1. I want the local charge near Val72. Using Cβ-Cβ distances under 14 Å, sum +1 for each Lys or Arg and -1 for each Asp or Glu among the other residues.
2. Which translational diffusion coefficient, to the nearest whole µm²/s, is obtained for segment 145-223 from the Stokes-Einstein equation, given a Kirkwood hydrodynamic radius over C-alpha pairs, 25 °C and 0.890 mPa s?
3. For segment 237-251, take each phi angle, set θ = phi - 60°, evaluate the Karplus expression 6.51 cos²θ - 1.76 cosθ + 1.60, and give the result in whole Hz per residue in order, putting x for glycine and proline.
4. Where in segment 171-190 does the amide nitrogen come within less than 18 Å of the point 7 Å from the Cα of Ser259, taken along Cα to Cβ?
5. Local charge sum around Val124 (other residues, Cβ-Cβ under 11 Å, Lys/Arg +1, Asp/Glu -1)?
6. With N residues in segment 74-258, what two-decimal value do you get for its Cα radius of gyration over 2.2 N^0.38 Å?
7. ³J(HN,Hα) across segment 119-131 via Karplus (A = 6.51, B = -1.76, C = 1.60, θ = phi - 60°), whole Hz, x for Gly/Pro?
8. Using 18 Å as the Cα-Cα cut-off, could you pick out the over-long pairs in Lys78/Lys170; Lys149/Lys219; Lys176/Lys255?
Amino acid sequence: MVPQQLPPTTDAQSGEVEGTLGTLEQILSATKGTNAVQTRSADQASNSKKRHQSCQGCVYKGLVAASLQDPVNRFRAKMSRWNLHLSSKHHYIPGNVRQQTPLWQASRAQWLLANLKNLVPPRVQSASFSLIWNRWCTAHRFQKQEFCKLGCGCEDGDRIEHYVKCKITKEVMRRKLNINPDTYATLHTFCLATPHISDTRLLCIISLLTYGLYTATNKIRHNPRGSRGWSTHDATEAVVQAVREGAKGHPHALKTLRSCWTTPQDGRDIAPPPLSPFAPKIARLRTLWHERQAAAKRRRCEFR
Ligand SMILES: [Zn+2]
C-alpha cells in the first residue's frame, strides 16, 4: 500500500519537499523502492517501518540531487577571479589552446585536488583548496597594501599572486625542492591548473610548498616583529621548515619530500579523469563535424 501522506518527520517541510520533488506518490514511483513497499503490505508493522525508511531515503536523495552542483562548474566560477586564461594578466599560460581554456583549467584543478587525497595530509589539501578558493588571509584580500611577508621587499606583496612567484618561493623551488622555477613559479601551478603537473611526486611537492607558503606567511603575519631583519636565507629556511611540518606524520609525503634529489623518481603518472556523461555525445558531434568538413572540401574540389 502506498502511503497517502508524508511521514511525521518530514511533515513540517512537506510543502518544501512537494514543491521541489513533487508528491509522495511521484517520489516513490520514481525509485526502485516502490514495489518493495507495495508487496510487503501484509505485515503492517514491518511495512510501516520500511515505508518510513524508504520514504526518508527517497526524499533525502531527491533533495540532494536537486541542489547538487557540478563540481567543475563550481571550480570554474571560483577560479574566474584568477583570469588564468588571459594573456593580458599572465605573461605565460602553460599548455596548448584547449588547455588554456577556463573549462579545462577548472576540470584539471578539480581532478588534481581529488588526486591529492592519498598523497598528503588533509591540512596540506586544505591549503591548496584555500589558495584556489582565494581564502588566504592576505592584506590584498581585504583591499589593503602591505609588503611581502617573506621579506623580499615587494610593495603590495601580501597577495597570493605575488607569493607564487616571490623570489623566496623560487629559491625554495630551486635549492630545496629540485623544481625549475621558470616553469613552476606561476599561479597556474599553485592553482593546479597546468598540464605540467603530470605525476604524483610533483603534485605532492607543489601542494607541500603551497602549505609551506601558507603557514610561513601566516606565522610571520601574527608575529609582532614580522620578518624584520631577515635575510633571504632566513625566509627560505622558514618556508622549508613549514614544508617539513606539512609532511610530518604522513609516510608518503615524507618519503616524497626526502626523495626530491634522488634518481630515479618514484612518482607515478596521474591517470586521466573519468569521461563525463556527455563524452559520447561530444564524440558523435565531432565526427559529424569532420564528415561535414570533408563533404564541403569535396564539393569545393568538384566545383573547381
Ligand atoms: Zn615576496
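1. Values: positive: Arg74, Arg76, Lys78, Arg108; negative: Asp70.
Computed value for this residue: +3.
2. On the way: Rh = 12.8 Å.
The calculation lands on 192 µm²/s.
3. Karplus values, whole Hz, x for Gly and Pro: 5, 4, 5, 4, 4, 5, 5, 4, 5, x, 7, 4, x, 10, x.
4. Only 177-179 pass the distance filter.
5. Working: positive: Lys117, Arg123, Lys248; negative: Glu245.
Net charge around Val124: +2.
6. Numbers: Rg = 15.5 Å, N = 185, 2.2 N^0.38 = 16.0 Å.
Here the answer is 0.97, to two decimals.
7. After applying 6.51 cos²θ - 1.76 cosθ + 1.60, I find 9, 9, x, x, 4, 6, 4, 5, 5, 5, 4, 5, 5 Hz.
8. On the way: Lys78/Lys170 26 Å; Lys149/Lys219 9 Å; Lys176/Lys255 15 Å.
Over 18 Å apart, Cα to Cα: Lys78/Lys170.
Here, each number is a calculation from the coordinates, and none is a lab measurement. Not measured: the values here are computed from a predicted model. Cβ coordinates were reconstructed from backbone atoms using ideal geometry, including for glycine residues, and neighbour counts include every protein chain displayed.
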